[in-house]
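Every read-out reported here was derived from the displayed coordinates using simple, explicitly stated rules and does not represent laboratory data. This is a predicted model, so every value here is computed, not measured. Virtual Cβ from ideal backbone geometry, glycine too; neighbours counted across all protein chains shown.
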Amino acid sequence: MKMNEDFLKSMKEAFDLLRTKGPKEATAAVQRALAGNKANAGNAQTSPMPQSVNEWAQAWTQAQSHANTTPHAPAERTFDADTPGTFSTHTFSNSAGQRQYKLYVPAVYKSEPLPLIVMLHGCTQNADDFAAGTRMNEMAERHGFIVVYPNQSQAANPSTCWNWFKPADQQRDQGEPSLIAGITREVMARYRVDPARVYVAGLSAGGAMADIMLKTSPDLYAAACVHSGLAYGSANDLPSALAAMKGGKAHRSRSHVEPQRPLIVFQGDADTTVHPSNAAALLASFDGGVTTLNPLSHTAGTASGRRGCTVQRFVAANGVEAEYWSIHGAGHAWAGGSQRGTYTDPSGPDATAEMLRFFLAHPRAAGAH
């Protein structure tokens with residue numbers, strides 16, 4: 001049965017509700033969409049509405065399949081860089097498909113190799129939006145590094161989410177990881193980049209994909225930042241993704257992956273989109289032979305109107321370090337971000353600055369693979 005555009009629109013609305021409200025509201029929207037679609041098809045034997053997340057997933061898969069056969073361009077959003085460097089658009093292609101990406105090369109770029117940071121946006125965002133919200137271009141100019149923003153395509157995901165929950169997109173040299181790694185290597189080949197200082201960061205679905213990149217390509221990335229995201233191996237389909245996002249029992253086929261590279265995690269403790277328990281899952285591979293050093297309660301920020309936070313620092317037995325920033329009262333947004341971008345919380349601690357501090361203090365050791 002061919003699905004009409006109204007049904008696809010309804011399914012996209014449901015996916016947006018999943019991100020902004022939660023599974024209950026999203027499921028209700030799916031039920032309405034399926035009911036309307038069956039009525040339009042004149043189906044005399046109407047099957048029951050989806051009562052389980054498996055039916056939810058099946059409906060979404062159908063809608064996404066339809067979207068892939070009738071691609072349409074996302075609404076164009078542009079943001080001014082307000083910096084003197086070059087912010088350019090490029091396209092990378094390989095056997096997994098193609099993605100556009102935005103590249104910021106600071107005016108300070110001369111002859112010395114610079115660090116490279118790969119920034120992965122969240123659902124409904126794009127490269128320009130994420131650059132504006134995180135202020136990364138401004139920081140690139142100030143601190144001297146190159147930054148690249150891969151753009152998820154709406155054909156691959158109608159809400160431009162990175163497909164972190166699909167098995168094919170969780171493996172090295174396959175799917176979206178191969179595209180992101182390919183973009184990273186393309187920039188490294190075209191510009192003077194210090195290979196020991198290549199990092200990856202992301203928000204929400206982009207954060208989940210950042211952890212996938214760190215775990216599947218430890219030879220490429222020296223460290224990662226996951227902001228309001230989920231751990232590699234948290235899901236293998238949409239039902240398990242929903243479970244993980246709600247903080248329930250999640251798929252953990254890769255829960256014993258050893259910590260291979262440093263990781264900094266930011267998570268609002270009032271986040272209703274990605275449950276805060278996912279932060280602990282991100283750091284689970286640091287269990288066993290790990291000591292927690294200097295848990296700090298940052299309350300000074302509250303006096304200046306900024307959110308308080310608790311910071312924990314971990315050092316694994318093999319020397320790999322991690323930090324966990326639990327931000328009190330914060331929801332699903334980039335902490336300390338600019339209101340020029342979406343999903344930002346200007347009252348939070350400056351996640352961009354703290355991430356950069358952590359990254360630049362953790363270059364990949366000589367000879368590390």
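Would you list Glu354, Glu176 from fewest to most Cβ contacts within 10 Å? Numbers along the way, then the final one.
On the way: Glu354 19, Glu176 26.
Least to most surrounded, the residues fall as Glu354, Glu176.
Work out how much length Ser111 to Ser93 would gain on full extension: take 0.36 nm times their residue separation and subtract the Cα-Cα distance, in nm to one decimal.
Value of the extension gain: 3.7 nm.
Out of all DSSP beta bridges with both ends in segment 86-360, state the antiparallel percent to the nearest 5. Walk me through the numbers before you get to the answer.
On the way: 26 of 52 bridges.
Here the antiparallel bridges make up roughly 50 percent for segment 86-360.
Would you kindly state how much longer the chain becomes between Arg142 and Gln339 on full extension, computed as 0.36 nm times their sequence separation minus their alpha carbon distance, in nm to one decimal? Don't jump to the answer; show the numbers that get you there.
On the way: separation 197, 0.36 × 197 = 70.92 nm, distance 2.00 nm.
That works out to 68.9 nm of additional length.
In segment 86-360, what is the count of Lys pairs whose alpha carbons are under 29 Å apart, counting only pairs at least 8 residues apart or on separate chains?
Working: Lys102/Lys110; Lys102/Lys166; Lys102/Lys215; Lys166/Lys215; Lys166/Lys246; Lys166/Lys249; Lys215/Lys246; Lys215/Lys249.
Count of close lysine pairs: 8.
Please arrange Tyr199, Tyr221 by how many other C-beta atoms lie within 10 Å of their C-beta, fewest to most.
Numbers: Tyr199 32, Tyr221 26.
Fewest-to-most ranking of Tyr199, Tyr221: Tyr221, Tyr199.
Going by C-beta contacts inside 10 Å, put Val198, Val226 in order with the fewest on the left.
So the ranking, lowest neighbour count to highest, is Val198, Val226.
Taking loop as defined by DSSP and a crowding limit of 16 other beta carbons within 10 Å, which trypsin sites (Lys or Arg not before Pro) in segment 181-211 fit?
Arg192
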